[in-house]
Structures are given as structure tokens and as C-alpha cells.
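Reviewing the structure listed below.
The values are calculated or read from the model by the stated rules, or taken from the named source; none is laboratory data. Keep in mind it's a predicted model, so treat the numbers as computed, not measured. For neighbour counting, all protein chains shown are included, and Cβ atoms are generated from backbone atoms with ideal geometry for every residue, glycine included.
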Amino acid sequence: MHERGKERPRLTAIETIPVKSKAAKLAWEARYLYLLLLPLIAYYVVFHYYPLYGIMIAFKEYSFSKGILGSSWVGFEHFEMMFHLPQFFDVLRNTLIIAVGRIVIEFPFPILFALLLNEVRKAVAKRFYQTIFTFPHFLSWVVVSGILIHFLNDAGVMNQLLQVFGLPKQSLLMDGNGFVGLLFGSSIWKEMGWGTIIYLATISGIDPALYEAASIDGANRYQRMKAITWPSIRGTAAILFILAVGNMMSGAGFDQIFNMYHPGVYENADILDTYIYRTTFYEGASFSFSTAVGVFKSIINCVLLIVANSVVKRMGNGGLI
């Protein structure tokens, strides 16, 4: 029985809610964390899940006056038309080439930069390098492409310097293969520092005692990097690799290519995203056809995500699911 003279602690209305199951108890204890997630959940519901009903446009002959629900069904007519267009397979090939190139060529650079930056002992120098390499991420592709075009065009700085030394001019912006290489190089320069942040955050969680023990055992920097640092970030790299593969059809880089390409390099640089944009707004294709192409991309991305997740898990790394 409660002792006299001592007041019974008052419970709020929320605290008096009975918690029966273990899962409900854990959820209740983490209720404030769930509150922090609400803005993110709201974002995905409003901008990602709610618009999914618009996928119906791909199977209809969309009309502004009738709306999505009132437009007539045409089934897979737009998908059949998509596969019968000769230029569709050209842009599909370009999309796959550029997307695979971004994974093979660009993906390892943030990992390598994080491993190298971790070996910089002076904190001031480390912050300086990280700032210098991260800053380009905050420049839009409109600005970056404008700088590259003025630097590399026929009368640009690069060709003027080549003429000073008696060397022939280079036309990277006009040559299809050179243009694709320029896409990879400029993307590495712009995004490498930003992609490094996740790996540096993982490295910061490594117990310093591991490095001290390895140094006592006579391990040099390369051996410590190979035996301690890389195994610690391998799981993070595996997750990011799965996400990159799952976004392959959409990750070829619309913003970059749209601001840099021209008809002279369509053969090598025209991808599905730029093709959809051009056919919809310049050539007058229907929104139903554009949606059908987008649905096709999403299906391919989903299949690639599942395959990449399975492959990574079989290699002994943790997957997404």
C-alpha cells in the first residue's frame, strides 16, 4: 500500500496507454524517433507513392480534357510503338554503356579517395582536401557545363594553349567517344568528394585500438588499410553498389548530358531520359508514350536491383533485404 504523506506520481493520458506486446513496447519507447521520420515519410507519400496512379497514362491515350481516369484504354499500344522505333534501341544502348561506365569507372573513386584521405595525418590538411573536392558538388550542371564548353570549344582556352605549343586542336565536344569520356571525367571531378562523405563517416567509427595494435605488430600503412579500413567500409560499399545498379537506367545523368550534348553527339550520348524529353517537348510525342518509356525503365531498374542484391549477398556481404 502506498505510504501516507507521499503523493502518487501523476501519469499523463499518453503514459496510461496499455502496452501489451513486445513489439508495441519497443515502438512506444522509440516514438520520438518515429516522429523524426514523419517528414521523410510524408515526402515519399506525397511525391513518390501518390503520383503512382499516373502510371495508368502508359496504358491509355491520355487527353487533358478527359483527365487520367477519363482517357480511353489502349493497352500495350505505346509499348509496342516504343520497341518498333529504330532510334529507341540506339538510345537504350547508349544508356546502358554510359550507366555501366559510371559504375565501373566512377564508383571506385570515392572509395579510393576516402582511403587516401584517411591516411592524411594533419587535421587541417584533411579538412582542406575534403573541402576542395566536395565544393564542386554544389555547382549545378548548368554552371559546370558552361565552363567546360567555353574551355574546350574550338576557340577555348585548351585549344589556344595547344596552338601556342604548336599542337593540333582537339574537339572533345564534337567527337562522340571523346564526349563520353568527358562525361565520366567531369562527373568524377564534381561528385567524388561528395560521395566520399559516407565512407569517411564509416571510417570514423573504426576503433583506433585496431590501428594501434596493427602498428605494434609492424603493419605499414598499406597493410593497415587493407586489413582494417577496407573491411570496415566494404559493407557500406556493397549497399551503395546495389543502389547504383538498381538506379542504372535512371543514373546515366540527364542533367549533365542535357546541358552538354548537341545533335553532333546524339549517336553516342543520347540516352533514354534525354530522348523522352526531346520527343515529348520538341517533337510532340504523347505523354502516354513518354510514360510508357518511364515504366519500362522502372521495370529494368527493379530487376537489376534484385539481381545486384542477390549477387552481393552470395559474395558474403550484407544486402538490402
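For segment 241-266, name all the residues that are among the hydrophobic types (A, V, I, L, M, F, W, C), closer than 15 Å to I98 by Cβ and part of a helix (DSSP H, G or I). Reasoning before the result, please.
Of segment 241-266, the ones among the hydrophobic types (A, V, I, L, M, F, W, C) are 241-245, 248-249, 252, 254, 257-258, 260, 265.
When the remaining residues are screened for being closer than 15 Å to I98 by Cβ, the result is 244-245, 248-249, 252, 254, 257-258, 260, 265.
Correct list: A244, V245, F254, I257, F258, M260, V265.
With touching a strand residue (DSSP E or B) at 6+ places or on another chain (Cβ under 7 Å), farther than 17 Å from G101 by Cβ and surrounded by fewer than 18 Cβ atoms within 10 Å (Cβ to Cβ) as the only criterion, which of S286, S298 stands out? Break it down into steps so the answer makes sense when it comes.
Working: S298 fails: touching a strand residue (DSSP E or B) at 6+ places or on another chain (Cβ under 7 Å).
Every option except S286 fails the conditions.
Going by the structure shown, is D273 surrounded by fewer than 15 Cβ atoms within 10 Å (Cβ to Cβ), assigned by TED's automatic domain parsing to the domain that holds L172, part of a helix (DSSP H, G or I) and within 19 Å of the chain's Cα centre (by Cα)? Spell out the reasoning first.
Values: surrounded by fewer than 15 Cβ atoms within 10 Å (Cβ to Cβ): no; assigned by TED's automatic domain parsing to the domain that holds L172: yes; part of a helix (DSSP H, G or I): yes; within 19 Å of the chain's Cα centre (by Cα): yes.
No, not satisfied.
Do any residues in segment 211-230 that are in contact (Cβ under 8 Å) with a residue 12 or more places away in the chain and within 15 Å of N118 (Cβ to Cβ) have Cβ atoms under 8 Å from those of residues that are loosely packed, with under 15 Cβ neighbours inside 10 Å and of a type outside the set (A, V, I, L, M, F, W, C), where the two are at least six apart or on different chains, and which pairs are they?
Note: pairs meeting the criteria are A214/Q223; R221/E119; R224/S215; M225/E119.
Condition first: surrounded by fewer than 16 Cβ atoms within 10 Å (Cβ to Cβ), among the hydrophobic types (A, V, I, L, M, F, W, C) and assigned to a helix (DSSP H, G or I). Now tell me which residues in segment 163-189 satisfy that.
Across segment 163-189, the qualifying residues are V164, W189.
If we scan segment 160-169, do we find a residue that is closer than 30 Å to I306 by Cα and either basic (K, R) or touching a helix residue (DSSP H, G or I) at 6+ places or on another chain (Cβ under 9 Å) (or both)?
Our first condition is that a residue be closer than 30 Å to I306 by Cα; within segment 160-169, this holds for none.
Scanning segment 160-169 turns up no residue that is closer than 30 Å to I306 by Cα and either basic (K, R) or touching a helix residue (DSSP H, G or I) at 6+ places or on another chain (Cβ under 9 Å) (or both).
If you go through segment 219-270, how many residues are polar (S, T, N, Q), surrounded by 15 or more Cβ atoms within 10 Å (Cβ to Cβ) and either more than 13 Å from the chain's Cα centre (by Cα) or closer than 30 Å to D207 by Cβ (or both)?
Of the residues in that region, 6 qualify.
Would you tally the residues in segment 186-207 being over 16 Å from the mean Cα position of the chain (by Cα) and over 17 Å from I132 (Cβ atoms)?
7
Given the structure, is H150 assigned by TED's automatic domain parsing to the domain that holds L240 and more than 30 Å from R234 (Cα to Cα)? Steps first, please.
On the way: assigned by TED's automatic domain parsing to the domain that holds L240: yes; more than 30 Å from R234 (Cα to Cα): yes.
Yes, satisfied.
Counting only residues that are without any contact (Cβ under 8 Å) to a residue 24 or more places away in the chain, of a type outside the set (A, V, I, L, M) and in the same structural domain as A269 (by TED's automatic domain parsing), give me the helices (runs of 4 or more DSSP H) lying completely in segment 79-140 with at least 2 of them.
Numbers: elements: 86-101, 108-118, 123-134.
Qualifying helices (runs of 4 or more DSSP H): 86-101, 123-134.
Tell me, which residue of segment 293-320 that is small (G, A, S) and under 22 Å from Y277 (Cβ atoms) is nearest to the chain's Cα centre (by Cα)?
Of segment 293-320, the ones small (G, A, S) are 294, 298, 308, 310, 316, 318-319.
Those still in the list that are under 22 Å from Y277 (Cβ atoms) too: 294, 298.
Working: G294: 17, S298: 15 Å.
Top of the filtered list is S298.
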